[in-house]
Each structure stands twice: as C-alpha cells, then as structure tokens.
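A short write-up of the structure that comes next.
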Amino acid sequence: MAEQTLQMNQSGTSHRYSDIGYIILGKLITTVTGLSLDQAWLKYLPESATNGLTWGALNAHSVASTEQCPLRGRVICGDVHDLNAAAMGGVAPHAGLFGSLSATARAAHWPLDVLHGRSKYIKAQSLNTFWNTKGSGSHLLGWDTPSGPNSSASERWPSTGVGHLAFTGCSIWMIPEKDLSVTFVSNRIHPNAYGGVMGGFQNPKYIAFRALRQEIHREIMKILA
C-alpha cells in the first residue's frame, strides 16, 4: 500500500473547500440549544425565511430526481443527494433542506433583509462578520464570492457579490449594495454526476452548464446597467 502524506499548511495560507466545519457547527447548535437542527431552525428563524422549506425528505412525485447513486443503488428523488447528510438522517447543517423556487428565493433574500435592517432576528453586524471574513481563497464564512472572470456569476458580477453554489446545480448570488438576489434552481447531475461534473473541468457537459449559469447572470447585469 502506498504511503499517503498529510499536507499541513499554516493557518491563512491555503484554501480547501470542506463541509466539516459546518457539520461541527451544526453539532454545536444542537448541543447549545438542546434541539435538533430542524427544531432549532423553526424556533429561532422567522417564518418569512422558513415558510415553504422542508428538512429531510419529500414526496418523490413532487420533486425532480438527481442521480442514479451507485452507493445507494437507486435514483435519488425526494431524498438529500449529499452522502454525508444522508448518513446523518437527511437533516444536516450543510445539506438536506428542500424548497420550491419561490421558497428558496425568499430564503435566499433573507440575508439582505438582515443587512438592510428589515429583520430583527439576526444583527446586521453578525452578518457583516460572516461576509467580511475571508481567507486565502474565494470563500467567506459559509459563503463564496465571485472567483474572477470565470465565476459562475459571470465576469459582469461585481466583486462585492456574495453567494454559493450547490453541487446538484442550484445557486444563489447576491449584490448586497443593490439589495438584489438571484436564485437559480437546476440539476446538472442527472442521470449521474460522472456524466456531468465529476469528469473534470474539461467535460463538455460541465463546460456547457457553467456557460449557461454565466449567461443568465450576465444578462441580468446587462438589464441592471
């Protein structure tokens, strides 16, 4: 067996995308509140942000399927796609929340309500801490920023933008100073991830989907210009 070397980096000098931090944060929330994550969500967040969103699993007849999962041996439909979240019972801090386009868009815009003083549940100062703490990569605390000209939000999206991508193909991009949020709901991994995004950045399907994302956000910026 070949030996594997664990690469260690000094804090603040390297960037690795990982869900581990948010999984630990979810455990911290449940420990402090004494509630499950979905119970804490309903108790501490406003109905305006949570209405229409559901944890865990949905009726398979009401949602689009994601992929033929080789580990679960079936097409995933109505269950969380992420394997770590699935192992955690479908309720996890990094995945497992379902919603319609309108419900997702409403929840996506809620951080802007906080920022502009329209919500009393979280202080704008707290949100600013998350959105102004940046390491060596493009990510903030729990969020991402446009990663240059090849960003999924296109080269026209301002550098002040904040958002996040979902592995399955959805995305949220915001322009805080314009009080604007754009929610894109799609599926790029059907019928399987390896035919879509896991084949590498040169995969034609990956390139085409990224171009679609960019063009949508590019046209929005043209309208706003």
Next item on the list: First select every other residue whose beta carbon is under 15 angstrom from the beta carbon of Gly89; then total the charges, Lys and Arg +1, Asp and Glu -1.
Entry: -1
Check: Within the chain, how many Lys pairs sit with Cα atoms under 20 Å apart, leaving out pairs fewer than 8 places apart on the same chain?
Finding: 6
Check: At a 1.4 Å probe radius, carbon and sulfur cover how many percent of the accessible area of the chain?
Finding: 58
Next item on the list: Please arrange Cys170, Cys69 by accessible surface area, largest first, computed with a 1.4 Å probe and ligands excluded.
Entry: Cys170, Cys69
Checklist line | Cα-Cα separations in the chain greater than 28 Å, expressed as whole percent | finding: 35
Check: Convex hull over the alpha-carbon atoms of region 1-77: what's its volume per residue in Å³?
Finding: 220
Item checked: Solvent exposure ordering (accessible area, 1.4 Å, most first) of Val91, Val80 -> Val91, Val80
Next item on the list: Could you sort 30-41, 8-19, 135-146 so that the peptide with the highest average Cβ count within 10 Å comes first and the rest follow in order?
Entry: 135-146, 30-41, 8-19
Next item on the list: May I ask you to derive the relative contact order of the chain, considering only C-alpha pairs under 8 Å and at least 6 residues apart, and to give it as an integer percent?
Entry: 16
Notebook entry, point to check: Taking the chain as a Gaussian network, where each spring joins two C-alpha atoms under 10 Å apart, which residue of Asn132, Asn51, Asn187 fluctuates the most?
Noted result: Asn132
Checklist line | Rounded to the nearest 20 debye, dipole of the chain from Cβ charges on Lys, Arg, Asp, Glu | finding: 220
Item checked: Under 5 Å, built H, 5+ apart or other chain: amide partners of Asp79 -> Leu58
Item checked: Centroid-to-centroid separation of region 75-111 and region 1-60 [C-alpha atoms, Å] -> 11
Check: Using a basic spin-label model with each label point 7 Å from the Cα along Cα→Cβ, how many nm lie between Ala225 and Ile24?
Finding: 4.4
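Rg/Rh for region 70-201: what does it come to with C-alpha atoms and Rh from Kirkwood? Show your work: numbers first, answer last.
Working: Rg = 16.1 Å, Rh = 16.4 Å.
Taking Rh as the inverse mean 1/r over Cα pairs, Rg/Rh reads 0.98.
The values are calculated or read from the model by the stated rules, or taken from the named source; none is laboratory data. Not measured: the values here are computed from a predicted model. Heads up, the Cβs are rebuilt from the backbone with ideal geometry, glycines too, and the neighbour counts pull from every protein chain shown. Ligands, DNA and RNA are excluded from the accessible area calculation, which covers all protein heavy atoms including side chains. Shrake-Rupley method; radii C 1.70, N 1.55, O 1.52, S 1.80 Å.
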